[in-house]
Amino acid sequence: MPFDFRRFDIYRKVPKDLTQPTYTGAIISICCCLFILFLFLSELTGFITTEVVNELYVDDPDKDSGGKIDVSLNISLPNLHCELVGLDIQDEMGRHEVGHIDNSMKIPLNNGAGCRFEGQFSINKEVGWQPDVRVPVFW
């Protein structure tokens, strides 16, 4: 008595005489396909779109640093030439430096098509204050 493995088949063939297409089944199938297409396209557009956020929040673990926060930047901009990259520093105490160049380097990337910006500076801290550090980009 040989063992028949075919009884474990969960995808059994349905005889032709038991299947018949209906308008209701066709409408449900079309609606499901449209819904799947909608979900796919909405996820694809969410994946492709980019959002640029221009904020920097700094936590101050050292409360006795003398009113200054040390900031180090290392930003790679693969599609921006180095001559267009600059650093502006502004804080709530009234300091506003345009084109800060002390302790900063611009390193060309991708044969000059991109730029890596590295810089270090100190900014004033104040209770409840968030620094406003911007890297301006000109197109």
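Do we find that SER76 is among the hydroxyl-bearing types (Ser, Thr, Tyr), loosely packed, with under 12 Cβ neighbours inside 10 Å and modelled with pLDDT of 75 or more in this structure?
So SER76 does not fit the description; no.
Give me the residue from region 44-59 that is more than 10 Å from the chain's Cα centre (by Cα) and of a type in the set (Ser, Thr, Tyr) and, out of that set, modelled with the lowest pLDDT.
TYR57
So which of SER29, SER65 is modelled with pLDDT of 85 or more and either over 30 Å from GLN120 (Cβ atoms) or out of contact with any Gly (no Cβ under 7 Å at 6 or more places or on another chain) (or both)?
Only one candidate passes the filter, namely SER29.
Hey, LEU41 hits all of (1) at pLDDT below 85; (2) open to solvent by less than 100 Å² (accessible area, probe 1.4 Å) but one; which does it fall short on?
For LEU41, the exception is condition (1).
The values are calculated or read from the model by the stated rules, or taken from the named source; none is laboratory data. Please read these numbers as outputs of a predicted model, since none were measured by experiment. Every residue, glycine among them, receives a Cβ derived from its backbone with ideal geometry; neighbour counts consider all protein chains shown. The protein model used for the area step is the full one, side chains on, heavy atoms only, and it has no ligands, DNA or RNA in it. Shrake-Rupley method; radii C 1.70, N 1.55, O 1.52, S 1.80 Å.
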